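J.: Got a structure here, written out as C-alpha cells. Questions coming.
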Amino acid sequence: MKFHWFNLMPWPHLPEDFTEKNRSVWVDVDSRLYDPVEGHKVYNDYLDLLEFAGELGFDGLGVNEHHQNAYGMMPSPQLMAATLARRTKDVSILLLGQSIALYNPPTRVAEEMAMIDVISGGRLISGFPVGTSMDDNYAVGSNPAELRERYRENHDLILRAWADPDVFAWNGKYNKLRYVNIWPRPIQNPPPIWIPGGGSIETWDFCAEFDYNYSYLSFSGYLRGAQLMQGFWNRLEELGHEFNPYQGAFAQQVAVAETDEEAQRLYEPHVRYFFERCLHVYPGFADAPGYRTEPTIRAGLAAQVGGAQASSQIALSLSWQELIDQGFIVAGSPDSVTAQMEHLAETLKVGHLVLLQHFGDMPVDKTQYNTEMFAREVMPRLRPIWDEYEDKWSPHPLPSDKTVEPRRIRSAQPVAGGD
C-alpha cells in the first residue's frame with residue numbers, strides 16, 4: 001500500500017460566528033476575513049509540513065486547485081507543486097490537480113506539468129479533475145452544460161501535446177491553435193494520470209477507457225465511500241478490466257496519538273472546525289444545473305461537495321467515538337488506527353491512500369506529531385497490503401545518478417582568462 005500526505009491548505013482563522021455571518025465558505029465568502037500578512041506565515045507553514053512529510057518516507061505529497069474560498073487556498077496548485085519539486089527528493093509530486101476544463105488554451109497545463117516533471121526528475125503525478133461546481137461554474141463562470149465536453153477536448157489536446165514530437169495544428173470546438181509545439185516536454189510521457197472524482201458514471205468510464213487511476217475524496221468517510229468505490233470496481237469488471245487496487249485512491253482524515261484518549265483531546269477541536277466551517281457550502285453553489293449528467297443523476301449520485309455539506313451536518317451531530325465508528329475519521333492510538341486502516345483497505349480495495357493529517361485550524365506542532373506518529377508507528381505495518389499487485393499508477397523517476405540535488409551558489413568565482 002502507498003501513502004500520500006495531502007494538504008487542503010484551509011484558512012485556519014475563521015471566527016466562531018463564521019457560519020452565522022457567511023452563507024458559504026466558497027464563492028462569496030467575506031474576503032475581509034483574509035489577512036495577507038498572516039497568509040504569508042500560513043502558506044510557509046503548510047509548505048514546511050509537506051516537506052516534513054516527504055522526509056518521513058511518504059510516497060507522495062498532494063496539492064490541488066480551488067478558487068474564491070477559505071476551504072483550500074490553492075488557486076494555482078502548480079505553484080505549490082513547483083516549489084515542492086525543487087525542495088524535495090525521492091517523493092512523488094501529487095498534483096491532484098489542475099481543473100483542465102478551465103484552461104484556455106489547455107496547452108498551458110501541458111507546459112506547466114512538463115516543467116514540474118522535469119524539475120522534479122520525473123516525479124510528477126498529474127491529476128485531471130473536472131472541478132467542483134463552486135469553482136467551475138460560479139467562481140470562474142464556465143457553462144456547466146459545456147463543462148465535460150470541454151474537459152474531454154482539453155484532455156485530448158494535452159495528451160497529444162505531450163506525445164507528438166512534431167508541430168501540429170488543433171482545430172477543435174473549443175480550441176483553435178495553428179501551432180502546438182510545447183517546450184519543455186515531460187520526462188515521463190505521459191506522467192501517471194489520476195482522475196479525482198466525486199461519483200460520476202462518466203468518470204468511471206473515462207478511467208476505464210484510458211486506464212487511469214480513480215481518486216475519490218469523501219468527507220463522509222470510508223464507510224459511506226465504499227458504495228462509490230465498489231461502483232467503480234463493478235464498472236471496471238463490466239468493461240472487462242482486471243482488478244488492481246492501485247487503480248484506486250481514497251482520501252481520508254487520519255489522526256494518531258499515543259492513546260485513543262489523547263487523540264480525542266488533541267484533535268477533536270480541529271475536526272469540529274473543519275466540519276463546521278470548512279464545509280459550510282451554500283447548496284446553491286454546489287450543483288449548478290447541468291453540472292451533473294443525466295446518467296449520474298439517475299444513479300442517485302450526489303455532487304461531491306454538495307453531499308459534503310449534508311455530511312458535515314451529520315458529522316457535527318455525532319460524538320467523537322461515533323465519528324470513528326461511522327468512518328468519518330480514522331483516529332486513535334497506533335493500534336486503533338492500524339485496525340481501522342486495514343478495514344478501510346479491505347472495504348474500499350484501494351492501493352493508494354491520500355492522508356489528510358492536517359485539518360481545519362490544526363497548528364503546526366500537532367500536525368507534525370500526527371504525521372510522525374503515522375509514519376513511524378502505522379505506515380510500516382500497512383505497507384505489505386496489496387504487495388501481490390503491480391502499481392502501474394506511480395511515477396518512474398530518473399535514476400539517482402542522473403538527478404540534480406538542490407544547491408545554493410554562494411559566491412561568484414573569477415573565470416580563468418576573463419577580463
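J.: Take the conditions among the aliphatic types (A, V, I, L, M) and touching a helix residue (DSSP H, G or I) at 6+ places or on another chain (Cβ under 7 Å) and apply them to residue 348. Does it pass?
T.: So residue 348 fits the description; yes.
J.: Separate question: When you scan segment 104-180 for strands (runs of 3 or more DSSP E) that lie fully inside it, which ones turn up with 3 or more residues that are crowded, with 18+ Cβ neighbours inside 10 Å?
T.: Correct list: 124-127.
J.: Can you tell me which residue in segment 211-250 is nearest to residue 394 (Cα to Cα), limited to those that are among the hydroxyl-bearing types (Ser, Thr, Tyr) and modelled with pLDDT under 95?
T.: My answer is 216.
J.: Shifting gears a bit: Quick check, is residue 209 under 30 Å from residue 153 (Cβ atoms), in a helix (DSSP H, G or I) and more than 22 Å from the chain's Cα centre (by Cα)?
T.: So residue 209 does not fit the description; no.
J.: Filter segment 32-44 for residues that are closer than 17 Å to residue 77 by Cβ and surrounded by 14 or more Cβ atoms within 10 Å (Cβ to Cβ); which is nearest to the chain's Cα centre (by Cα)?
T.: It comes out as 43.
J.: Oh, and also: For segment 290-334, name all the residues that are part of a helix (DSSP H, G or I), of a type in the set (Ser, Thr, Tyr) and modelled with pLDDT of 75 or more.
T.: Result: 311, 312.
J.: Continuing with this model, one more query. Which one of the conditions (1) closer than 19 Å to residue 74 by Cβ; (2) more than 22 Å from the chain's Cα centre (by Cα) does residue 173 fail to meet, given that it meets all the rest?
T.: Unmet for residue 173, out of (1) closer than 19 Å to residue 74 by Cβ; (2) more than 22 Å from the chain's Cα centre (by Cα): (1).
J.: Name every residue in segment 186-206 that is outside any strand (DSSP E or B), in contact with a strand residue (DSSP E or B) (Cβ under 8 Å, 6 or more places away or on another chain) and farther than 17 Å from residue 292 by Cα, in order of residue number.
T.: 186, 188, 190, 191, 192
J.: What are the residues in segment 335-389 that are under 19 Å from residue 324 (Cα atoms), in a loop (DSSP other than H, G, I, E, B) and hydrophobic (A, V, I, L, M, F, W, C), if any?
T.: Within segment 335-389, 359, 362 qualify.
The values are calculated or read from the model by the stated rules, or taken from the named source; none is laboratory data. Computed from a predicted structure; not experimentally measured. Please note: Cβ atoms are built from the backbone with ideal geometry, for glycine as well, and neighbour counts cover all protein chains shown.
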